[in-house]
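Beneath this line is the structure, given in structure tokens, with notes to follow.
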Amino acid sequence: MTPTVRLALLLACVAAVSLLIGDGFIGPANTLILTQIRLPRTLLAVLIGGALGLAGAVLQGALRNPLADPGLLGITPAASLGAMIAFYWGFAGRFAPTLPLSGLLGAGIGLSCLLSIGGRSLSGPTLILAGVALSALSGAPMSLALTLAPNPFALAEITFWLLGGLEDRALYHVVLAAPPIALGAAILLRLGPGLDALTLGEDTAASLGESPTRTLRLAAIGCALAAGASAAVAGGIGFVGLVVPHLLRPWIGQRPAALLVPSLLTGAILFTVADMLVRIAPLVLPVSAAPPLGVLTALLGAPFLIRIVRRMTP
């Protein structure tokens, strides 16, 4: 049995267990709770975790940087800014789907800005610099919106959403997020040969017939679609795309193309398990409510990041 098949079976088992877990409760539920609450949450966890894991593997291969993750491109702050505008002007309260739609719109505008800043002859360094610039352009209005929040309730809603999570997500969130995530994943999964060539350097990749500019541009587009849609429905989720490729390399190897499908599956498993831990936290911890999912992924990912940095230090 190949590692990919094992991961797929493990994902199926984890998703099935996820359907048995509610907020502070473990066990089967009636049809309404199962289809309207637990099923959308499980589907989103699988979609978003897989998207972030795959995007992280592609970016680390394309940029030849073991610390690259989807947040490096600045699309997540752009999607968050779009969602924050929906909160700030009260659109989300009047029509619930406005929130993810605004996030998707922000991600789309962010992608356009990213490609415009990077220019036609896109390279690894220019892509990173364009992502940093887009993060700064998105972060400043976000800070201003938090400062000028119209009332404490809006500020609390914005802050909680930025922490990331899958609470109160419905099937329409799945319908909105699934197409861009699927399109982004389809683009990223086709980049294996180009990523393998880029490991030898951009000049060598060009001599082998693989255009580095095309590979980087498609990687940026695919990651923007996957990470932008994820941020639009789940808020800020970090460290999944960074951690997953490093977990797999000891078993799969260093070749970027070989990591793509396993990273997608492992990201889905990791994020679904994290969401389950959030839901059962009130049962085992002295807390009255489930902690934000983005906080948990950060708590789990930060020590791992420190370990990576320590291993890279001579």
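The values are calculated or read from the model by the stated rules, or taken from the named source; none is laboratory data. Just so it is clear, the structure is predicted and the values come from calculations on it, not from any experiment. No Cβ is skipped: glycine too gets one built from the backbone with ideal geometry, and neighbour counts run over all protein chains shown.
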>> When you scan region 93-104, do you find a residue that is outside any loop (DSSP other than H, G, I, E, B) and among the charged types (D, E, K, R), even just one?
In response: yes
> Any idea which of Leu188, Leu195, Leu148 is out of contact with any Pro (no Cβ under 6 Å at 6 or more places or on another chain), of a type in the set (A, V, I, L, M) and either under 18 Å from Ala231 (Cα atoms) or buried (at least 16 other Cβ atoms within 10 Å of the Cβ) (or both)?
Replying inline: Leu188
> Among (1) of a type in the set (Val, Ile, Thr); (2) touching a residue at least 24 places away in the same chain (Cβ under 8 Å); (3) over 20 Å from Leu43 (Cα atoms), where does Thr204 come up short?
Replying inline: (2)
>> For region 239-253: of the residues being free of Cβ contacts under 8 Å to residues at least 24 places away in the same chain and more than 20 Å from Cys13 (Cβ to Cβ), which is nearest to the chain's Cα centre (by Cα)?
In response: Arg249
> Of everything in region 99-113 that's crowded, with 24+ Cβ neighbours inside 10 Å and touching a Leu at 6+ places or on another chain (Cβ under 7 Å), which residue is nearest to Ile75 (Cα to Cα)?
Replying inline: Gly110
>> With the requirement that a residue be outside any helix (DSSP H, G or I), of a type outside the set (A, V, I, L, M, F, W, C) and in contact (Cβ under 8 Å) with a residue 12 or more places away in the chain, what does region 1-53 give you?
In response: Gly22, Asp23, Gly24
> Within region 135-169, restricting attention to residues that are among the charged types (D, E, K, R) and touching a residue at least 60 places away in the same chain (Cβ under 8 Å), which residue is nearest to Leu47 (Cα to Cα)?
Replying inline: Arg169
> Among the residues of region 286-294, is there at least one that is under 22 Å from the mean Cα position of the chain (by Cα) and surrounded by fewer than 19 Cβ atoms within 10 Å (Cβ to Cβ)?
Replying inline: yes
> Pairs under 8 Å by beta carbon, first residue under 12 Å from Gly82 (Cβ atoms) in region 225-238, partner part of a loop (DSSP other than H, G, I, E, B) and among the hydroxyl-bearing types (Ser, Thr, Tyr), six or more apart or different chains?
Replying inline: none
> Here is a list of conditions, (1) touching a helix residue (DSSP H, G or I) at 6+ places or on another chain (Cβ under 6 Å); (2) under 30 Å from Glu157 (Cβ atoms); (3) not small (Gly, Ala, Ser), and Leu11 meets all of them except one; can you say which number that is?
Replying inline: (2)
> How do the helices (runs of 4 or more DSSP H) wholly within region 205-314 filter down when requiring 1 or more residues that are modelled with pLDDT under 85, touching a Pro at 6+ places or on another chain (Cβ under 8 Å) and among the aliphatic types (A, V, I, L, M): which remain?
Replying inline: 256-284, 293-312
> Mind checking which residues of region 116-126 are touching a residue at least 60 places away in the same chain (Cβ under 8 Å) and touching a helix residue (DSSP H, G or I) at 6+ places or on another chain (Cβ under 7 Å)?
Replying inline: Gly118, Ser121, Leu122, Ser123, Gly124
>> Restricting to region 58-70, name every residue that is of a type outside the set (Val, Ile, Thr) and surrounded by 24 or more Cβ atoms within 10 Å (Cβ to Cβ).
In response: Leu59, Gln60, Gly61, Ala62, Ala68, Asp69, Pro70
> Of the residues that sit in region 75-92 and are small (Gly, Ala, Ser) and surrounded by fewer than 24 Cβ atoms within 10 Å (Cβ to Cβ), which one is nearest to Leu260 (Cα to Cα)?
Replying inline: Ala92
